[in-house]
1. With label points built 7 Å along Cα→Cβ from the Cα atoms of residue 282 and residue 69, find their separation and express it in nm.
2. I need to check one value: relative contact order of the chain, counting alpha carbon pairs closer than 8 Å and at least 6 residues apart, in percent.
3. Counting only C-alpha contacts under 8 Å and six or more residues apart, can you give the relative contact order of the range 95-254 as a whole percent?
4. For residue 174 paired with residue 211, estimate the spin-label separation in nm (one decimal), with each label point 7 Å from Cα along the Cα-to-Cβ line.
5. Using only Cα atoms, find the angle between the long axis of helix 114-127 and the longest principal axis of the chain, and express it within 0 to 90 degrees, rounded to the nearest 10.
6. Magnitude of the Cβ-charge dipole of the range 205-281, K/R +1 and D/E -1, about the Cα centre, nearest 20 debye?
7. Restricted to Cα positions, what overall size does the range 10-186 have along the principal axes? Three whole-Å values, descending.
8. Going by Cα centres, the range 83-142 and the range 223-283 are how many Å apart?
Amino acid sequence: MDPSAGSTLATPAIAARTLANDACAEARVEMDDAHDPAAAQRAAEVLSSVWGRKGTEMIDPAMLVAIAHAGNLVTVATEDGKPVGAAAGFCGPPGTHFHSHIVGLVETATGRGLGRAMKLYQRAWCLERGIDTMTWTYDPLVARNAYFNIRRLGARADSYYLDFYGAMTDVINAGQRSDRMLIRWDLIPTPPAAATPCPWLGDAHIAVADLPDAPPSYVPPGADAHVALVAVPRDIEALRRSDPELARRWRTVTRAALGGLLDAGWAVTDFTRSCQYVLHRERTP
């Protein structure tokens, strides 16, 4: 869709493209769509370096070519000609929804806004085509991703899925259940330039706490509670390496808490710098 063609999304699309270009410049990268086999190979190499085992591919480059050829988006971010990030996603019915399946950054490119630049690039691409909603999944135990998705982008944690992908064999997820939170991002509003301060939560019910001397446990909120906090580890990936059993315990506990509360009519409304999901009761099941 041409943003100048009179669509109701034309103005947001033009502004979104400017915002994405500015974010790419700030992250010191060039962002390009990957349409040909060579570009798809570069994207696959980035993703394999993040998730794959040595000598294996996280995703087949030929599949990326097919995804792009079918009218979807495969993106490669480069710095001085070297690939440092990649993403792939596809459109879903009814034509106003885009699912961002995978986004990966090489370790040397983290911490400078590249992840945000890639999401803003995807957002601009979607709005230029009349797509106003983007979804993706992430591991709800990864605190930095929760903070980025909910606070930095202003997206909404929509649903909790148990063992979404089944058994996974990549170096990040092997040996752990693949529970995922589905994020839903309304693309029309301009994303926040920076995270706003979290409101006072002194009267919130502590459903899950991260205590230094005790394993996590879930304490369900009472009928009179309207705000609940669910903590996650500050660095679950390091914990999986140092204490896999405790990491699995965290999965079990947060599955009961987040999955149970969402099913019971609660909604995730925020994520704090102290690695806590903030949930508010929206309805009685």
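None of the figures in this text is laboratory data; all of them are computed from the coordinates on show. The structure presented is a predicted model; accordingly, all values stated were derived computationally and were not measured. Reconstructed Cβ throughout: ideal geometry from the backbone, glycine too, with neighbour counts over all protein chains shown.
1. Once both label points are built, they end up 4.0 nm from each other.
2. Relative contact order for the chain comes out at 15 percent.
3. So the answer I get is 21 percent.
4. That separation, rounded to one decimal, is 3.5 nm.
5. Relative to the chain, helix 114-127 is tipped by roughly 70 degrees.
6. 180 debye
7. The principal-axis extents, from largest down, are 46, 36, 32 Å.
8. The distance from the Cα centre of the range 83-142 to that of the range 223-283 comes to 24 Å.
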